[in-house]
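Working notes, structure below.
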Amino acid sequence: AKYDKKKNLYVVVENGIRKVWVDSGELYSVCEVDEIGREHGTCKNYMPGTGQIIMEGKNIHGERDGIWYWYFPNGKIYYKLSLA
């Protein structure tokens, strides 16, 4: 994984998937990416410490698309954004 000093995160891109970890080693996000590294496909962000999904949605070549969800720590939907 490559360390991003500005964001204090570790990033690796393999087989069209970008994974990001916080400094403690916990997974922060998993996103599908296109051939030039733009988010393209499913993307999920996780809460460090619990591993619970806090945000998920779909991108088309770097732009959010469709329905995006943000969640409370208990898993219930906090906010729903429809971009379709």
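Across the chain, how many lysine pairs, 8 or more apart or on two chains, come within less than 21 Å at their alpha-carbon atoms?
Value for the chain: 13.
Among V12, G51, H40, which residue has its Cα furthest toward the positive end of the charge dipole of the chain, with +1 on Lys/Arg Cβ and -1 on Asp/Glu Cβ?
The residue sitting farthest along the positive end of the dipole is G51.
If I compute semi-axes √(5λ) of the Cα gyration tensor in Å from the structure I just sent, which labelled value in [x] 21, 19, 9; [y] 20, 13, 12; [z] 27, 14, 11 lines up?
Matching entry in [x] 21, 19, 9; [y] 20, 13, 12; [z] 27, 14, 11: [x].
Write down the accessible area per residue of the chain in Å², having rolled a 1.4 Å probe over the full set of protein chains.
70
How large is the dipole of the chain about the Cα centre if only Lys and Arg carry +1 and Asp and Glu carry -1, each at its Cβ, rounded to the nearest 20 debye?
Here the chain has a charge dipole of around 260 debye.
Carbon-plus-sulfur fraction of the accessible area of the chain, 1.4 Å probe, in percent?
The value for the chain is 52 percent carbon and sulfur by accessible area.
Springs between alpha-carbon atoms under 10 Å, Gaussian network over the chain: tell me which of V12, V20, V33 tops the mean-square fluctuations.
V12
Name all residues of region 9-30 having a backbone nitrogen under 16 Å from the label point set 7 Å from the Cα of K2 along its Cα→Cβ direction, giving them as ranges.
Correct set: 9-21.
The values are calculated or read from the model by the stated rules, or taken from the named source; none is laboratory data. Quantities reported herein were computed from a predicted structural model and do not represent experimental measurements. Here Cβ is always computed from backbone atoms with ideal geometry, including for glycine, and neighbour counts include all displayed protein chains. Note: areas computed on protein heavy atoms with side chains; ligands, DNA, RNA excluded. Shrake-Rupley method; radii C 1.70, N 1.55, O 1.52, S 1.80 Å.
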